Amino acid sequence: MTHMMSARTSTVTRHTAETQIDLSLNLDGSGRAELSTGVPFFEHMLDQISRHGLIDVSLTAQGDLHIDDHHTVEDCGIVFGQALAKALGDKRGITRYGHAYVPLDEALSRVVIDLSGRPGLVFSCDFTRATIGRFETQLVEEFFRGLVNHAGMTLHIDNLRGDNAHHQAETIFKAFGRALRMAISPDERQANQIPSTKGAL
């Protein structure tokens with residue numbers, strides 16, 4: 001693949017009373033992740049985005065885990081979205097749309113992305129359990145809501161079936177990684193164009 005794009009990297013730091021987060025992204029990486037959040041299952045899920053999106057991620061987060069994981073997971077979504085928007089710049093030459101179906105044993109999820117500049121999340125997953133280990137499954141939606149709002153992305157997530165909550169979550173994160181990889185991929189036929197009739201995304 002010929003790269004007509006400059007390096008698509010970014011670094012974002014966000015420190016609040018609740019969390020201190022430092023994140024670096026390389027959208028043209030090889031799928032390497034260095035993650036330190038204090039939330040092991042969440043790191044396992046972020047690793048799926050990195051691996052299947054071929055995005056290099058370096059993330060350090062220190063949050064108020066003595067309360068719960070909510071602020072840490074949500075704020076990591078916010079920072080991930082900010083870093084993604086920063087790395088994409090004006091989005092010239094990207095494919096813009098991406099989609100993926102990913103199965104894992106009995107579970108199947110579909111994720112569809114439009115890097116539209118407009119935040120919108122449709123999240124449909126009836127998790128079969130409220131927690132995976134100590135991780136609250138409702139935080140999956142919170143992560144993606146934070147990401148969508150700050151990346152300016154339209155995102156449809158549908159878990160189509162699944163009995164095991166771990167499998168449900170993992171198919172969502174893997175499918176997101178695959179769909180994102182497609183959406184941010186260079187489109188050689190419109191190398192220097194912004195993929196919108198409006199001329200801006």
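Each value in this text was obtained by applying a stated rule to the coordinates, not by laboratory testing. It should be emphasised that the depicted structure is a prediction, and the values quoted were computed from it without experimental measurement. Heads up, the Cβs are rebuilt from the backbone with ideal geometry, glycines too, and the neighbour counts pull from every protein chain shown.
In order along the stretch 41-50, the phi-based Karplus estimate (6.51 cos²θ - 1.76 cosθ + 1.60, θ = phi - 60°) of 3J(HN,Hα) comes to 5, 4, 5, 4, 6, 4, 4, 5, 4, 4 Hz; Gly and Pro are listed as x. Mean separation of Cα pairs under 8 Å and 6 or more residues apart, divided by the residue count, gives the chain a relative contact order of 26 percent. Computed packing ranks the peptides 155-162, 139-146 as 139-146, 155-162, most packed first, by mean other Cβ atoms within 10 Å. Enclosing the Cα atoms of the stretch 9-190 in their convex hull gives a volume equal to 98 cubic angstrom per residue. The protection proxy used here, the mean number of other Cβ atoms lying within 10 Å of each residue, ranks peptides 72-79, 184-191 as follows, highest first: 72-79, 184-191.
Modelled label positions at D126 and Q138, each set 7 Å beyond Cα in the direction of Cβ, lie 1.8 nm from each other. Over the stretch 5-97, calculate the relative contact order: mean separation of alpha carbon pairs under 8 Å at least 6 apart, over the residue count, as a percent. Relative contact order comes out at 34 percent. Between T11 and R92, the contour length at 0.36 nm per residue exceeds the Cα-Cα span by 27.2 nm. With the convex hull of the Cα atoms taken as the outline of the stretch 130-201, the averaged projected area works out to 6.2 nm². State whether the stretch 1-71 is rounded, prolate or oblate according to the following rule on the C-alpha gyration tensor (a ≥ b ≥ c being the square roots of its eigenvalues): a/c under 1.5 gives rounded; otherwise a/b larger than b/c gives prolate, and the remaining case gives oblate. It comes out oblate by the Cα gyration axes.
In sequence order, the stretch 74-85 has phi-based couplings of 4, 5, 5, x, 4, 5, 4, x, 4, 5, 5, 4 Hz under the Karplus curve 6.51 cos²θ - 1.76 cosθ + 1.60, θ = phi - 60°, and Gly or Pro positions carry x.
Candidates S6, G29, L108 compared by Cα position along the dipole of the chain: farthest toward the positive end lies S6, with charges placed on Cβ. In the stretch 95-146, Cα pairs under 8 Å separated by at least six residues give a relative contact order of 24 percent. Between R161 and N149, the distance separating the two model label sites (each 7 Å from Cα on the Cα→Cβ line) works out to 3.5 nm.
Taking springs between alpha-carbon atoms closer than 10 angstrom, which of T19, T11, T131 fluctuates most in the Gaussian network model of the chain? The residue with the greatest mean-square fluctuation here is T131.
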